[in-house]
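Engineer: First the structure, which I've put down as structure tokens, then a few questions once you've had a look.
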Amino acid sequence: MQAAYALAMDAQAVDEVPVGAVVVVDDEIIGRGYNQTITRQDPTAHAEIVALRDAAATLANYRMPNADLYVTIEPCTMCAGALIHARIRTLYFATTEPRAGAVVSTARVLDNSALNHRVTYEQGLCQDACAHLIRDFFAAKR
């Protein structure tokens, strides 16, 4: 999660919403990403999607059944869906996102028993630091 947090700081440095994500296989980071929606003018350039694309390029495969994703904030519906399609094993997220989070806060996408892949998840790793980072970013914008 520390690597994801460092990437969130990179996002903040370019005035993007400070979210960072890493994809890990066998304790090695194989994909990195931070929010780049404004920089790339791409609504899909969320940290998780950027990290998944990087990991897919590293593996030369869009399926990652032995991979875990660490992200500083609860994924949205789009990102939760991408985790399922990528066959991510476990999602670790630091803090919830009450408005758009789709893992425990709103849609609970990963708990849908009709889907053909189940991503397990854990929340709370580095929760305070990640929550403060996002809260302080938006407080400074107001």
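The values are calculated or read from the model by the stated rules, or taken from the named source; none is laboratory data. The shown structure was predicted, so the numbers you read here are calculated from the model rather than taken from an experiment. Backbone-built Cβ (ideal geometry, glycine too); neighbour counts: all protein chains shown. These accessible areas exclude ligands, DNA and RNA; they are computed on the full protein's heavy atoms, side chains included. Shrake-Rupley method; radii C 1.70, N 1.55, O 1.52, S 1.80 Å.
Engineer: Give the number of residues within the stretch 67-95 that are in contact with a strand residue (DSSP E or B) (Cβ under 9 Å, 6 or more places away or on another chain) and not in a helix (DSSP H, G or I).
Structural biologist: The total comes to 17.
Engineer: Scan the stretch 80-108 for residues that are polar (S, T, N, Q) and either open to solvent by 50 Å² or more (accessible area, probe 1.4 Å) or in contact (Cβ under 8 Å) with a residue 40 or more places away in the chain (or both) and report the count.
Structural biologist: Start the filter on the stretch 80-108 by keeping residues that are polar (S, T, N, Q), which leaves 90, 95-96, 105-106.
Now narrow it down to the ones that are either open to solvent by 50 Å² or more (accessible area, probe 1.4 Å) or in contact (Cβ under 8 Å) with a residue 40 or more places away in the chain (or both): 96, 106.
Result for the stretch 80-108: 2.
Engineer: Just a yes or no: is a residue in the stretch 114-126 within 21 Å of residue 3 (Cβ to Cβ), surrounded by fewer than 23 Cβ atoms within 10 Å (Cβ to Cβ) and of a type in the set (Val, Ile, Thr)?
Structural biologist: Scanning the stretch 114-126, I find at least one residue that is within 21 Å of residue 3 (Cβ to Cβ), surrounded by fewer than 23 Cβ atoms within 10 Å (Cβ to Cβ) and of a type in the set (Val, Ile, Thr), so the answer is yes.
Engineer: Which condition number does residue 44 fail, the rest of (1) farther than 23 Å from residue 135 by Cα; (2) open to solvent by 10 Å² or more (accessible area, probe 1.4 Å) being met?
Structural biologist: Among (1) farther than 23 Å from residue 135 by Cα; (2) open to solvent by 10 Å² or more (accessible area, probe 1.4 Å), the lone unmet condition for residue 44 is (1).
Engineer: Which of (1) of a type outside the set (Phe, Trp, Tyr); (2) in a strand (DSSP E or B); (3) touching a residue at least 40 places away in the same chain (Cβ under 8 Å) is the odd one out, the single condition residue 64 does not satisfy?
Structural biologist: Exception for residue 64: condition (2).
Engineer: If you scan the stretch 24-41, which residues turn out to be under 20 Å from residue 97 (Cα atoms) and open to solvent by 80 Å² or more (accessible area, probe 1.4 Å)?
Structural biologist: Narrowing the stretch 24-41 to residues under 20 Å from residue 97 (Cα atoms): 33-38.
Matches in the stretch 24-41: 38 only.
Engineer: Here's a follow-up. Pairs under 6 Å by beta carbon, first residue closer than 18 Å to residue 61 by Cβ in the stretch 16-29, partner of a type in the set (Lys, Arg) and open to solvent by 40 Å² or more (accessible area, probe 1.4 Å), six or more apart or different chains?
Structural biologist: The qualifying pairs are 22/32.
Engineer: OK, next. Residues that are in a loop (DSSP other than H, G, I, E, B), in contact with a Phe, Trp or Tyr (Cβ under 9 Å, 6 or more places away or on another chain) and surrounded by 24 or more Cβ atoms within 10 Å (Cβ to Cβ): does the stretch 10-23 have at least one?
Structural biologist: There is at least one residue in the stretch 10-23 that is in a loop (DSSP other than H, G, I, E, B), in contact with a Phe, Trp or Tyr (Cβ under 9 Å, 6 or more places away or on another chain) and surrounded by 24 or more Cβ atoms within 10 Å (Cβ to Cβ).
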